[in-house]
Structures are given as C-alpha cells and as structure tokens.
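Quick notes on the structure that follows.
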Protein chains: 4
Amino acid sequence: MEHTFKILPEEKREFILSAAARVFAKNGYYHANVAEICKQAGISNGALYKYFKNKEAVYRSIFEVMVDTLHSRLFAKHVGSDASVYEIISEIFRDLVDLARTHADFLAIYTDVGSCAMNELSPSVSRKLEEGARGFWIDLVRKGKETGEIKKHVMDEAAAYYFDNHLNLLIYSLASRHFDMRLQMYFGSDDEKIADEEKARLLMKSVKMILS
Amino acid sequence: MEHTFKILPEEKREFILSAAARVFAKNGYYHANVAEICKQAGISNGALYKYFKNKEAVYRSIFEVMVDTLHSRLFAKHVGSDASVYEIISEIFRDLVDLARTHADFLAIYTDVGSCAMNELSPSVSRKLEEGARGFWIDLVRKGKETGEIKKHVMDEAAAYYFDNHLNLLIYSLASRHFDMRLQMYFGSDDEKIADEEKARLLMKSVKMILS
Amino acid sequence: MEHTFKILPEEKREFILSAAARVFAKNGYYHANVAEICKQAGISNGALYKYFKNKEAVYRSIFEVMVDTLHSRLFAKHVGSDASVYEIISEIFRDLVDLARTHADFLAIYTDVGSCAMNELSPSVSRKLEEGARGFWIDLVRKGKETGEIKKHVMDEAAAYYFDNHLNLLIYSLASRHFDMRLQMYFGSDDEKIADEEKARLLMKSVKMILS
Amino acid sequence: MEHTFKILPEEKREFILSAAARVFAKNGYYHANVAEICKQAGISNGALYKYFKNKEAVYRSIFEVMVDTLHSRLFAKHVGSDASVYEIISEIFRDLVDLARTHADFLAIYTDVGSCAMNELSPSVSRKLEEGARGFWIDLVRKGKETGEIKKHVMDEAAAYYFDNHLNLLIYSLASRHFDMRLQMYFGSDDEKIADEEKARLLMKSVKMILS
DNA sequence: AATGAATGAGTTTTCATTCAT
DNA sequence: AATGAATGAAAACTCATTCAT
C-alpha cells in the first residue's frame, strides 16, 4: 500500500478495497483480474498501480483490513467479558453470520488462502490473522477453566484449536460453495437451502461438546 | 475424458493423470499450466487435447480418480467391519497420513476445491466425493449407536458431519501451508515441525469427544 | 535462443533475426517494440516467445550472429594473409562499407551498445565481439612489425587499439546520424552527402599515420 | 524550455537540469523516466511540464548546457593561447578527465546521442556542440601549421577531425561501459581497473602521431 | 505558479487451444 | 493417433502527459 493510497478519502479507499475484495472473492487470487478490479473500483489501471506496488500488494492490503475487521467484529467486544464461554462463542458465530452479509468477500478470500494454490503466499499473508485468533481463544479457554466451563485437564491449546477449527468451518460453510454443498448434503433438502443461522447453530452443537 | 484416453494403456493413463494432479496440486486450478502438465506427463500438447476436451476436463478426471482412491484407501476396508468407531476413525486418519505420502497431490487438490476461487466448478466436481463420504459416516454413526459408542440422542447427520469435518481438517492440515502454519502456531515450536502423525493424533482428540 | 528457434528452417530463422535487427537498429534496445519485431518477422507474438525467452534474449542472439558476420566478413579472409598491413586494413574498411549496405542494421546495433543507455547490458553482450577483434588486430600488428610496416618500439596493444578505434569510428560514421553529421561538417558541403567509400578513405588516412 | 523555467532562480534551474542529466545519463533517452527526473529534481510532475514542453525539450535543454560546459571547460581557455598544440590537447584531455568527475552525466549523455537509437533526435540536438568543437580544432590545426608542429600538407579538416575523433574516443572511454571494457581488454589486467588518467594518456599517444 | 493524482494507451509476457503435418 | 509449432487474446504492469485544485 503506497502513500498515495493512504491519503485518499476514507470513503474512496474503502470503495477501492471492497471492489478489489469483491473480485478476489469471486475469482481467487490468480484468476482475479486487475483490470476488472479497476473497473469495479471506478479507477484507471494506472491509478491502481499508483496506490499499490502490484496485484499482490492489493491482496495483502485486503488482508490487513480483514484482520482488523474480523478481530473487531468478532473478538474485540468479548475481551474481558464475563459472559460464559458458550455465550461468547454463540455470539461470535452469530456475528460471523452477520459479517457474512456485509463482508461476504472477506470470508471468501479467507477460504482462498487455505487452498494449495496459495501455498506460496499464504504463510506470510495470514500469519497475523491467525495469531490474533489464537490469542483470543487461548484467553477464552483459560477463563473457561476458571469458571469450570472447560475441564481442567484439557490442554489450553487443544481447546483453543478446537474452537478455532469450528470458526474456520463456519467461515468455509458460509463462503465456499463446496462446503455449503456438503452441509446441504447432510442437513438440507432439495427445496430449501440451509440458512446461514442454521449453519452457525449446527456448528455450535459440535462446539458444545468440549464444554462440560 | 475422451474415448482416446480410455483406450490408453492403464499405466500411461495413470502417469498422465498423476502428472496433471501434480501440477494442479502445486498451482491450483487457474494457476496450473497446461503446457507444464503435458511436459510432466511426457505427452504433446496436442495429445492432451485429444484425450480431454479442455483443461477443465482434465481436472474433472482427476477428481474421479480421487474419489475412487480416497474411498478405497480410506473407507472401503471398514465397510461391514465390527471394529469400534474409535478404532475405525483412528485407522482412517492413519491411512490418510499414509496417503499424504503417496498421493499428496490429491489432498492438495482437495484443498483447492474448497476455495472461493473454485465456486464455479466445485459443486459439480466434488459432489460425488462428498456423497460417498457422507454415506460412509452415516453408516458408521448408526453402527456406533448400536454398540453404544455414540449416544442415541445425537442426530446421525450431526455426528457424521462432525466426523467428516475432522477428516477435512486433517486433509487441510496435511496439504495446505496455511493450515499447517495454524497448527504450528498452536502446538509447534520454532525448531521442529509438527509431524503428520501428530496432526492426526491431535484431531483424533477432538473426534473422541463425540464418543461416550 | 530456444531449441524451437534452432530447428527452424535457416531461411525463416534469418528472416526473423533480420527483422528483429531492423527494429533494434531503428529504435535502439529500449525503444524497440516486441510487437513490431513480430509483425516485421511475420510471426505471432506468442511464437517469438517460443523462440526466445524474452526481448533481451532476442537482442543477444542478434549479437551472436553479428559476431560471426563481422568476423567472417571483415577479418577471416586476412588470417594468414601476406598482404601488407595497409592493404589489409584498406580491404577491411572497404568490406565494412559493403557490409553497411547489406547489414546496416548490425552496424546500427553496434552503435547502440556503446551508449550509456546500454551500460547494464553491454559488457556481457559485446565482450566476445571485442575479444575477436582484439585478437585479430594484435596478430596483424605483430606481422606488421616483422615486415617493418610498423615500428618495433610501438606497443602491440597500442597499435591494435589504434586500428580498432578507427574501425569503430568507421562503423559509427556509417551507422549513426550523429557521426555522419560530424563528418559532413568537416568534409561535406550542403548539396552532397559524403559517400560511405569517402568515409572509409578519410579514416584510412588517419590509420596510415601509424604505419612507417 | 519555457519562459517559466528561464525565470527560475539559477540555482534551482541548474539543480533541475543536473537531476535530469543524471537520469538521462543512467538510462539513456528512451529508458529515462520523467517521473524519476521530477523526483530527483525535487519538483512536481506538473512543474516539469510548465518548464518544458515535453521530455524531448528537457533533453534538448541539457544539451544546451552541455555545449556551454564542454566548450568553456575544455576549449575556451586555449583560444588565443600560444602553448604548443600538444600541450593544449594534453590539457584538454586532462580537463576532460576532471570533467568526468564533476559532470560524468554529460559525457554519458554524449555517448547516448551517438547511438542509432537517437538517429531521429541527434542531428538537431548535437549540431551546435559539434560545430563549436570543429571551429576550435580547425583553428588549433592552423596554428599548429604555423608553428610547424603540424605538417603543412595535412588537410586542416583531416587533422581537426583526427583530434576530435580522439576526444570522442576519450569521452566514450570515460562514460561507456562498452568502451571501458574494450580498453580493459587491451591494456588492463584482471585485478586493476584502468584509471581515467591512463585512458587520457593512452589516447594522447595516438594523437601525438599526427604531430611532426 | 505549483501540485501530484489521474489517465489510458502502450509495454512485455503468458497460455489455453488449434491445426497442419 | 500423435505431434508440437503457432496463434492471438488477455494478462500484469509502465509511463508520458494532462488537469483540477
């Protein structure tokens, strides 16, 4: 992200990033088209390359926003909360479902980074995102152990990983057609699609199993 | 897959498909290069287009082999088995770890199909694979309920979905650098990488929770 | 230069190289346009990139041909000759004038490589060419000393360098408009251009000065 | 060069021109980047286009300064001098070596204008420069004939051209890597680079040959 | 007068697909 | 059936120039 981008009016900056996110979400990193990003963002090809060094830099910038968005929209409000672990995760899942309506592209991009196609880029791109999540879950588990919601003998990391896995599964279910199809196959019927809320509910059932 | 491909000697057929799989695994569908596939397969560019209608058809064919391979290497031997659910899943996970050594490419490609980049292709491509898995898990759950390993009140689909999710998580952990990095962050240290067997063990711990 | 280029019919190969040379000669390396090269060569854009790794590789290939052409057309016939040094250089200059008619592009490209614009590329590109020339001149000087045409006390390298400098000046005069203008300014009149033969003659006069 | 440029403080004007010269010297005319010129000159893109009609006009302006600089630094002090021709040329060569330290860019740009890439621009750009040089050399030759340093039968223009050619060769040797490499090949060794003073000395040896 | 963001045509390069042999 | 050279549209990226402020 270049200086020229940082000094843009916030509105325009967000518009450009969300246009780029939309294109990356629809096509994945490699199949995404810089010209289409520009068109959707309402800027010239040249402008984009004034704002960002290259296609990869655009992708990375989206990730930075994504880290902030996911953290602030999912985790931030629960730091220091004294709600039950169950209640907190429930709300996180519900918030994620909301997020899927306003920022579906972010979730889609998240599913892209887990693909083997992104093995080259992903480690450097997604580390910060995962570290933030890990920190949150570990804290939550420790709190859960204090309140007795989580059994003492469970390893902190194992429980945290378990929670994060389920968050991941929900993200994939909300954003990836392959995962949506799987869910449909298990719980759906031909005439109705499984609602996002139902996806959250189904995964909460699994989550519950780690709680005593 | 064209008739010309079907009448090829089985050995050559497999060689071509595994070469293609290798390339798709390394780069993902869109970033994979048809010319490189041909080179690795030791055939001419023209030959590939005699054997397959286009790039997509090659990808689809690989999926067909993948379905068979995964089913026969992971599930087939346990159909009708009277081993415990726990034992069966353990063995499936162990077999998957073995598979990761001989057919790493298949697992990588599987992580590709879950990406948003593949939303256009994935439903038609992966349905059969998931249906096979679902059938197996549902049967296993029913058996588990009979033997008392799984509580009666648990919904068949929920438990099956739970098992399949964990299989998925293991596949992703074995094949995707992003998922490997996550695991490393939770359970690893700087100086040693988490072994594949350890990944299976960690996910088995989660699986166990659904078993009474 | 790729294998695909080497196996082309010689006629086509030469046609492509001479088309490329024409474009490089007209515009210099950086201003030369790959698409125009393709058009002039009567091949598709893609074909060029099957034949050569990139624009630079095309340039380098032209140099290889140039080395051979210049050496065989200017120097080769005089190796082992027992003509006088003066006679030999005279003939080289006359041959160069002929070459300027059939291969003007080569000479133009040679003037390009001496420009500061080419400081990055030139050392690796032109070394072989200069080494060949140096070898020839040194031998000639030694012979000239034996026959008494060149005074013994003159350093071999100094005389060789002197000859090569004059060859260079002739090349530049034949190919570069800037050098042509200079000549015109010294020896020309408004209504008639200095003929190439006259350029050679004028520089021979300088060359003569080193001969006793 | 527009009026707006002429009314700039001299210091700023020179700073801009020397920044532009630096960029042209490094990259040659076509490869030079207007934006980089602006950056190095510490002015805005827009400002440059207020000062100059276009890139070409900047280049031409540099040439004007170059003409003055070369003339005043190399030739001016010797007009009307009664030193020997040899002494004068020696000093010019020494001054050129000094100039190469303070105004290396000018010399580099001079090598650019001799390239075929500049055939379109060069005649109109460099005429004045060459005319100045020619005038000086012709006068010097005439004086040399009077003092007997140069033989009477030598044509004025031929001698003048000879001197100018050697000045040219020295400029190229000082500024172009290709010419530096040539020199190195003739007179250098692997472990030490030929110093600029040595280059001047070597070419003086050739110059001497025209002096009786 | 000065800015520097914006433009968009132009650049080099890639690649799925075709087709003459 | 098989080849692999050829295609050309499309990709990412650059850059001289303009223009609203």
Under the Kirkwood approximation applied to all pairs of distinct alpha-carbon atoms, what is the hydrodynamic radius of the protein assembly as shown in Å?
33.1
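Run the helix sum for the protein assembly as shown: -39,500 (n - 2.57) per DSSP H stretch of 4+ residues, divided by residue count, reported at 222 nm to the nearest 500 deg cm²/dmol.
After summing the helix terms and dividing by residue count, I get -23500 deg cm²/dmol.
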Alpha carbon convex hull of segment A:18-59, volume per residue in cubic angstrom:
55
For labels at A:V34 and B:H3 in the simple 7 Å Cα→Cβ model, what's the distance in nm?
4.6
Debye sum, Cα scatterers, segment A:139-212, no solvent: what log₁₀ I/I(0) at q = 0.24, 0.25 1/Å?
-1.01, -1.06
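Inside 10 Å of the C-beta atoms of B:27-39, what's the mean count of C-beta atoms belonging to other chains?
3
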What number, in nm² with one decimal, is the all-direction average of the projected area of the convex hull of the alpha-carbon atoms of segment B:111-177?
5.2
If I model a spin label at A:T69 and C:T147 as a point 7 Å from the Cα along the Cα→Cβ vector, what separation in nanometres do I get?
8.3
Mind checking the angle between helix A:122-147 and chain A's longest principal axis? C-alpha axes, 0 to 90 degrees, to the nearest 10.
20
Taking A:M118, A:M155 and counting other C-beta atoms within 10 Å, the order from fewest to most
A:M155, A:M118
Hey, could you grab the Kirkwood Rh for segment C:43-106? Inverse mean 1/r over distinct alpha carbon pairs, Å, one decimal.
13.8
Using a Debye calculation, one point per C-alpha and no hydration shell, please list log10 I(q)/I(0) for chain D at q = 0.10 Å⁻¹ in order.
-0.49
Shortest first and in nm, the label-point separations between B:A35 and its counterparts in the other identical copies (7 Å out along Cα→Cβ) come to 2.0, 2.1, 3.0
Copy-to-copy spacing for D:L211, label 7 Å out on the Cα-to-C-beta vector, in nm, shortest first?
2.5, 10.1, 10.2
Mind checking the angle between helix B:156-175 and chain B's longest principal axis? C-alpha axes, 0 to 90 degrees, to the nearest 10.
50
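Note the full-extension length gain between A:E14 and A:A76 as 0.36 nm times their separation in residues minus their Cα-Cα distance, in nm to one decimal.
Details: separation 62, 0.36 × 62 = 22.32 nm, distance 2.12 nm.
Gain in length upon complete extension: 20.2 nm.
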log10 of Debye I(q)/I(0), alpha-carbon scatterers only, for segment C:1-105 at 0.21 Å⁻¹
-1.04
Less than 12 Å Cβ to Cβ from C:M1, Lys/Arg counted +1 and Asp/Glu -1: what total charge do the surrounding residues give?
+2
Least to most buried among B:H78, C:H71, D:H3, D:H166 (fewest other Cβ within 10 Å first):
D:H3, C:H71, B:H78, D:H166
Using mean Cβ contacts within 10 Å as the protection proxy, how do A:169-180, B:174-185 order, highest first?
A:169-180, B:174-185
Could you list, bin by bin from short to long, the percent of Cα-Cα pairs of segment A:56-165 in 5 Å steps?
2, 11, 21, 22, 18, 13, 8, 4, 1, 0
Averaging sequence separations of C-alpha pairs under 8 Å and six or more residues apart, then dividing by the length of chain D, give the relative contact order as a whole percent.
21
With +1 on the Cβ of every Lys and Arg and -1 on the Cβ of every Asp and Glu, and nothing else charged, how large is the dipole of the protein assembly as shown about its Cα centre, in debye rounded to the nearest 20?
440
With label points built 7 Å along Cα→Cβ from the Cα atoms of A:E87 and C:S44, find their separation and express it in nm.
6.7
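No lab work stands behind these numbers, since they all come straight from the coordinates. Predicted, not measured: the structure shown is a model, and the values here were computed from it. Glycine also receives a Cβ, built like all others from the backbone with ideal geometry; neighbour counts cover every protein chain displayed.
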